[in-house]
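The block underneath contains the structure these notes are about, expressed in structure tokens.
The values are calculated or read from the model by the stated rules, or taken from the named source; none is laboratory data. Worth saying up front: this structure is predicted, and the values here are computed from it rather than measured. Cβ atoms come from the backbone with ideal geometry, glycine included; neighbour counts cover every protein chain shown. The protein model used for the area step is the full one, side chains on, heavy atoms only, and it has no ligands, DNA or RNA in it. Shrake-Rupley method; radii C 1.70, N 1.55, O 1.52, S 1.80 Å.
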Amino acid sequence: MNERLEQETGAPAAEWRTVVRHSECDRRGRLKLRSWFDFLQEAAAVHAEQLGVGVSMLLEHRMAWVLSRLKLVMETDLRIGDSVVVRTWPNGFHRLFAKRQYELFRAGRRVGYASSFWLLLEAASLRPLKPSALPRPFPDNSARPEFFPELDKLPAPELEAGRLECPVRESLMDVNGHLNNAEYAGFVQDFLAVVSPEWRTRQIQINYLNAIRAPDWLALHGGAANGVYRLAGDNPAGQLCFQAEIIG
């Protein structure tokens with residue numbers, strides 16, 4: 001597999017390239033929902049490091065980036081062996097949220113796009129920080145596309161078609177010691193496979209509300225109304241950890 005990120009000459013955007021592996025696909029050979037999120041997350045992390053606002057900066061200044069909301073549209077399936085390019089760029093702030101955009105391509109044709117909102121936190125207290133706390137400003141990408149300018153709060157599920165308990169294991173943790181962002185999307189796919197096995201996800205928004213760590217559980221519940229699936233995940237104490245809105 002060939003994974004790399006190429007900085008554009010004189011432009012504050014980047015392209016991250018990879019090839020879809022067998023382990024990243026489901027039983028039908030399609031890219032798993034979790035893997036779509038993983039591709040976006042990896043491209044964002046590597047590009048942030050190149051821009052001087054990645055892991056190295058975070059450790060030095062005792063800060064942390066936390067994904068708050070992400071909305072993804074999958075225009076077609078990706079399959080085993082596909083060469084994929086993720087094009088990504090930050091595009092300023094909305095209140096305290098740092099915004100980042102993505103486009104995914106296969107053979108020069110766009111196959112998906114997404115927007116994400118991130119919070120910059122003080123690592124010890126988890127207190128949100130203002131953009132001015134960054135040691136260097138974000139590049140000006142105001143001329144580039146912004147797919148979802150507003151990623152709003154999501155309503156609670158109107159119906160409950162079923163429940164699924166998902167164990168949060170050590171192998172699912174990220175470098176911050178929390179359940180990895182992409183794993184939530186995997187749990188959504190697991191829930192839909194049990195409750196609505198014929199559902200085909202084409203658009204999804206996940207709002208991350210409270211971090212969860214191993215060993216623990218997430219209880220997923222939700223249902224579809226008017227062609228929209230709404231899903232929520234609670235920890236054993238009944239605290240809401242994430243919400244998802246899925247369109248087929």
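Okay, here's what the table says:
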{"quantity": "Residue in the stretch 155-165 that is touching a Pro at 6+ places or on another chain (Cβ under 6 Å), part of a strand (DSSP E or B), open to solvent by less than 50 Å² (accessible area, probe 1.4 Å) and not charged (D, E, K, R) present", "calculated": "no"}
{"quantity": "Which numbered condition residue 148 fails, given (1) open to solvent by 30 Å² or more (accessible area, probe 1.4 Å); (2) outside any loop (DSSP other than H, G, I, E, B); (3) modelled with pLDDT of 95 or more", "calculated": "(2)"}
{"quantity": "Filter result for the condition that a residue is over 29 Å from residue 93 (Cβ atoms) and free of Cβ contacts under 8 Å to residues at least 24 places away in the same chain, over 197, 167, 157", "calculated": "197"}
{"quantity": "Of the criteria (1) among the aliphatic types (A, V, I, L, M); (2) closer than 28 Å to residue 196 by Cα; (3) more than 19 Å from the chain's Cα centre (by Cα), which one residue 123 fails", "calculated": "(2)"}
{"quantity": "Residue within the stretch 183-193 that is outside any helix (DSSP H, G or I), surrounded by 12 or more Cβ atoms within 10 Å (Cβ to Cβ) and either touching a His at 6+ places or on another chain (Cβ under 6 Å) or not basic (Lys, Arg) (or both) present", "calculated": "no"}
{"quantity": "Candidate set: the stretch 209-246, residues that are open to solvent by 30 Å² or more (accessible area, probe 1.4 Å) and within 16 Å of the chain's Cα centre (by Cα); chosen: the one farthest from residue 167 (Cα to Cα)", "calculated": "245"}
